[in-house]
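Peer 1: So that we are looking at the same thing, I have put the structure below in structure tokens.
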Amino acid sequence: MLRRLALPVWLGALLMVFSLTAYAQETYYLTLYAREDQQLADSRKQYLQMVRSRVEGNKRYPLFARKHGQEGRIQVRFVIQDNGHLEAIELVTPSQHRALNEAALSAVRGAEPFPSLPPEVFSEPLSLIVELVFTLH
């Protein structure tokens, strides 16, 4: 036979307040965690934009390719080590023009060394694919 226990009214009210407080704290921590994730995402985006900017800043359109009207889109894969140095570099999608392929590889190599990878953002070497576009206007 089950017995029903009657709680004093004040004890029930106390339990209800405690539950609301615990819920509010949990919500606070979830909000803080989401904010922390946003900071990491912003830091990651900022680092990747810096890499892109440095590679673009080192891009040079070869004179031979200009004279012959050569254009192309080249994708280059490379890995940045923790210390900012390149570990590997290769053409993923080469152009049909050798001069443009070499210029794309040179742009990435010329951007080295990159700033060290922030350990709170990247826990291992960073593998990237960058597309470099060579067009005549």
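The values are calculated or read from the model by the stated rules, or taken from the named source; none is laboratory data. Bear in mind that the values here come from a model prediction, so they are computed numbers and not experimental data. A quick note on method: Cβ atoms are made from the backbone with ideal geometry, for glycine too, and the neighbour counts reach across all protein chains shown.
Peer 1: What do you reckon, is residue 124 of a type in the set (Asp, Glu) and either under 29 Å from residue 37 (Cβ atoms) or free of Cβ contacts under 8 Å to residues at least 12 places away in the same chain (or both)? Please lay out each step first, then the result.
Peer 2: Numbers: of a type in the set (Asp, Glu): yes; either under 29 Å from residue 37 (Cβ atoms) or free of Cβ contacts under 8 Å to residues at least 12 places away in the same chain (or both): yes.
Considered against the rule, which asks whether it is of a type in the set (Asp, Glu) and either under 29 Å from residue 37 (Cβ atoms) or free of Cβ contacts under 8 Å to residues at least 12 places away in the same chain (or both), residue 124 comes out as yes.
Peer 1: Could you list, in sequence order, the residues of region 80-89 that are touching a strand residue (DSSP E or B) at 6+ places or on another chain (Cβ under 6 Å) and at pLDDT 95 or above? Outline the logic, then answer.
Peer 2: If we filter region 80-89 for residues that are touching a strand residue (DSSP E or B) at 6+ places or on another chain (Cβ under 6 Å), which is where we start, we get 80-81, 86-89.
Result: 80, 81, 86, 89.
Peer 1: Can you tell me which of 61, 33, 29 is among the hydroxyl-bearing types (Ser, Thr, Tyr) and modelled with pLDDT of 95 or more? Give the derivation first.
Peer 2: Working: 33 fails: modelled with pLDDT of 95 or more; 29 fails: modelled with pLDDT of 95 or more.
That would be 61, the only listed residue that is among the hydroxyl-bearing types (Ser, Thr, Tyr) and modelled with pLDDT of 95 or more.
Peer 1: On to the next question. Would you mention how many residues in region 94-129 are within 18 Å of residue 62 (Cβ to Cβ) and not charged (D, E, K, R)? Write out each step before concluding.
Peer 2: The initial filter retains those residues of region 94-129 that are within 18 Å of residue 62 (Cβ to Cβ), namely 94-111.
If we keep only those that are not charged (D, E, K, R) as well, we get 94-97, 99-101, 103-108, 110-111.
Selection size over region 94-129: 15.
Peer 1: Out of the strands (runs of 3 or more DSSP E) lying entirely within region 53-137, which hold 1 or more residues that are farther than 19 Å from residue 43 by Cβ and touching a Ser or Thr at 6+ places or on another chain (Cβ under 7 Å)?
Peer 2: Working: elements: 72-80, 86-93, 126-134.
It comes to 72-80.
Peer 1: Let me ask you something else. Give the residues of region 49-85 that are of a type in the set (A, V, I, L, M, F, W, C), surrounded by fewer than 16 Cβ atoms within 10 Å (Cβ to Cβ) and over 17 Å from the mean Cα position of the chain (by Cα), sorted by residue number. Full working, then the answer.
Peer 2: Of region 49-85, the ones of a type in the set (A, V, I, L, M, F, W, C) are 50-51, 55, 63-65, 74, 76, 78-80.
Checking the rest, the ones that are also surrounded by fewer than 16 Cβ atoms within 10 Å (Cβ to Cβ) come to 50, 63-64, 79.
63, 64, listed by residue number.
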